[in-house]
There are 2 protein chains.
Amino acid sequence: MKKKLSINDIAAQLNVSKSTVSFILNGKAKEKRISDKLAQRVLKYVKEKGYKPSELARSLSTGKTRMICLMVEKISDYFFSHIAFHLEALAYKSGYKIIYCSTENDPDKTRELIKLFRERHVDGYIITPPPGIQSAISDLKNDLPVVLFDRYFEDLETDYVVIDNYKGTVNAVSYLAEKQYKHIAFVTLQSEQLQMKEREHGYTDTIKKHGLTPMVLKIPFENDADTSSNAIRSFLKKKPETDAIVFATNYLALSGVKAINELQLNIPGDISIIAFDDHSVFSVYNPPISAVAQPLEALAFQLFKVLIDKLENRVPIDQLQQIIVPTRLIIRQSTK
Amino acid sequence: MKKKLSINDIAAQLNVSKSTVSFILNGKAKEKRISDKLAQRVLKYVKEKGYKPSELARSLSTGKTRMICLMVEKISDYFFSHIAFHLEALAYKSGYKIIYCSTENDPDKTRELIKLFRERHVDGYIITPPPGIQSAISDLKNDLPVVLFDRYFEDLETDYVVIDNYKGTVNAVSYLAEKQYKHIAFVTLQSEQLQMKEREHGYTDTIKKHGLTPMVLKIPFENDADTSSNAIRSFLKKKPETDAIVFATNYLALSGVKAINELQLNIPGDISIIAFDDHSVFSVYNPPISAVAQPLEALAFQLFKVLIDKLENRVPIDQLQQIIVPTRLIIRQSTK
DNA sequence: CTGAAAGCGCTTACAG
DNA sequence: CTGAAAGCGCTTACAG
């Protein structure tokens with residue numbers, strides 16, 4: 001392995017001090033009133049030699065690592081892996097790198113992860129917090145920029161970027177109600193997470209507004225495809241009048257389709273469905289499934305903007321930035 | 001923000017030199033014959049104060065960052081995001097962190113990314129290489145451990161972990177042939193990638209072995225769901241005798257299902273299908289889709305093992321490690 | 001058994 | 001306009 005060049009080598013070769021080289025490399029030549037001639041000479045040499053300063057040394061010196069920690073519930077989920085993809089593109093343009101990790105919604109694991117990333121001095125955090133870690137988040141945000149997403153804490157003031165969960169189900173249910181569906185059910189998870197609560201409220205409020213009766217099925221949070229489709233099947237047997245279902249997540253909708261098929265019912269002939277949270281397979285499904293879509297790229301954009309504005313001091317560290325991104329109702333063929 | 005403790009503070013408080021503290025913290029107390037009493041005192045104090053050495057400073061000093069670069073085609077793909085998830089769990093246990101990036105199969109972007117990660121001194125690389133970057137990979141692996149996965153180069157000796165693509169389609173086609181299907185088609189992408197070639201060879205060889213006639217449809221690499229399902233539909237119109245299809249990727253299979261539905265054909269009544277590469281939605285699809293599954297966790301395990309064995313010098317740097325992981329044929333209801 | 005010192009490769013206040 | 005020097009927070013060969 002060929003020896004890596006250091007700024008000392010460059011300085012020695014060129015007979016200038018390494019401060020001068022450093023200033024030139026960091027674009028402070030003008031500011032430090034270094035002659036254009038010298039600057040050009042250094043730049044040319046550096047380019048020739050393909051010298052790149054060590055980010056490590058720079059980090060130790062500046063205290064900045066240009067790394068962002070992306071802490072999601074599970075990186076392999078459709079939603080999170082797409083956010084990761086879009087964030088990467090944005091970070092790339094700004095010279096930041098992203099380290100990810102999965103909390104699996106476990107508060108202890110999350111606290112441990114935060115500790116580990118602090119040792120590595122990442123500059124900022126993007127987090128989908130599990131329940132009960134308000135104090136860890138609070139400590140963290142005292143020291144570094146933190147933006148929560150997907151969910152936040154009502155009892156903790158933080159920056160966050162979320163979608164309008166409430167409005168999302170309001171739109172879905174309103175659409176169905178206006179199409180004259182009379183027995184619109186809601187299938188959700190047993191979860192205290194804010195975003196789930198809000199999806200449910202959007203459903204309940206809209207159902208009532210239209211003078212209909214709410215029918216809610218709650219499935220245990222830990223479930224596999226079979227247990228949830230079984231639960232949905234028995235629910236439908238008990239409520240055969242159901243003519244439409246709004247699902248609180250995309251995977252619940254897939255289990256729902258399975259249950260509906262098993263009951264030999266037709267979508268949308270017998271039952272129409274709308275899923276919260278779009279999925280790339282929905283458009284190639286049979287039938288293509290209507291969805292309340294989370295605008296992934298827009299979310300990632302807002303997330304990155306909120307964080308980078310703090311990292312680069314464009315927004316005061318203590319100024320709250322709370323962004324609510326609207327959802328989009330995509331009607332495909334799973335609704336009449 | 002409370003001032004972070006440094007090793008100097010610890011040493012000063014305890015009236016010992018920082019070398020001693022460093023040795024104790026790194027478990028070299030015995031080796032350096034430091035008294036148990038002193039060691040205990042230091043450890044206790046460090047624990048009390050919650051002191052954690054700065055990984056950054058340690059990295060600059062040791063030249064190791066305990067970071068691994070995971071460079072995949074696209075982090076949001078089902079396959080890659082799941083590999084990322086499993087790798088994270090393994091890395092976590094070993095004290096490594098993972099930085100990801102997406103090449104989008106672009107050689108120039110990939111070369112640029114490698115350059116950026118080298119500046120950051122990551123310790124090792126896990127890469128799904130785009131075509132034509134043999135020389136960049138070759139340079140890289142001269143300096144650092146690199147393991148390719150999903151695909152590799154026939155003209156470059158490297159460590160790699162791949163699945164047995166050839167055997168994967170052999171198994172799928174054999175299964176169908178033994179079930180007496182006579183007109184088994186293969187739908188793949190126009191791609192020169194090794195893994196695609198091998199899937200195709202597995203198909204062709206097995207078809208011939210059974211005395212059948214190969215029918216191959218190649219869809220442009222850049223495609224959306226509609227163009228591919230259109231292509232499949234016209235293919236099926238031209239070859240109405242087709243009684244089974246093996247798809248080279250999971251998304252092609254979804255497009256295929258769409259095309260088959262549009263033609264009012266029944267799965268598996270009229271046409272049976274098997275997809276290469278399982279997907280979490282397959283089991284909740286209508287009908288559930290049979291698949292040649294890539295064992296995600298096993299792949300991640302092998303990948304990590306190959307890399308970590310080199311990072312920790314358990315395997316000589318120049319000893320090639322080339323692992324081929326078998327696929328698993330999962331029969332669901334899309335085949336009779 | 002333990003400490004003083006050099007070194008990793010940068011940045012930046014300070015001095016001239 | 002430019003350089004010598006300190007500092008970021010560690011590790012580790014060397015000396016005693």
*Might you check whether a residue that is modelled with pLDDT of 90 or more, within 16 Å of DNA strand C (Cβ to nearest atom) and basic (Lys, Arg) occurs anywhere in segment B:88-95?*
no
*Just for segment A:35-84: of the residues that are touching a residue at least 40 places away in the same chain (Cβ under 8 Å), more than 28 Å from residue B:55 (Cβ to Cβ) and more than 9 Å from chain B (Cβ to nearest Cβ), which one is surrounded by the fewest Cβ atoms within 10 Å (Cβ to Cβ)?*
A:49
*Go through segment B:12-68 and count every residue that is assigned to a loop (DSSP other than H, G, I, E, B) and β-branched (Val, Ile, Thr).*
3
*How many residues are basic (Lys, Arg) and more than 12 Å from DNA strand D (Cβ to nearest atom) when one looks only at segment B:12-32?*
1
*Among A:93, A:167, A:179, A:109, which is at the interface with chain B (Cβ under 10 Å from one of its Cβ atoms) and out of contact with any Phe, Trp or Tyr (no Cβ under 8 Å at 6 or more places or on another chain)?*
A:109
_Between A:35, A:59, which is within 14 Å of DNA strand D (Cβ to nearest atom), among the polar types (S, T, N, Q) and either closer than 23 Å to residue B:78 by Cα or in contact with a helix residue (DSSP H, G or I) (Cβ under 7 Å, 6 or more places away or on another chain) (or both)?_
A:59
*asked:* Checking the condition closer than 30 Å to residue B:157 by Cα, in a helix (DSSP H, G or I) and away from chain A (no Cβ under 12 Å), which residue from B:308, B:323 passes?
replied: B:308
*Regarding residue B:166, is this residue over 29 Å from residue A:284 (Cβ atoms) and either out of contact with any Leu (no Cβ under 8 Å at 6 or more places or on another chain) or not acidic (Asp, Glu) (or both)?*
no
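The values are calculated or read from the model by the stated rules, or taken from the named source; none is laboratory data. In this text, all values refer to a predicted model and were calculated from it rather than measured experimentally. In this analysis, Cβ positions are derived from the backbone assuming ideal geometry, glycine residues included, and neighbour counts consider all displayed protein chains.
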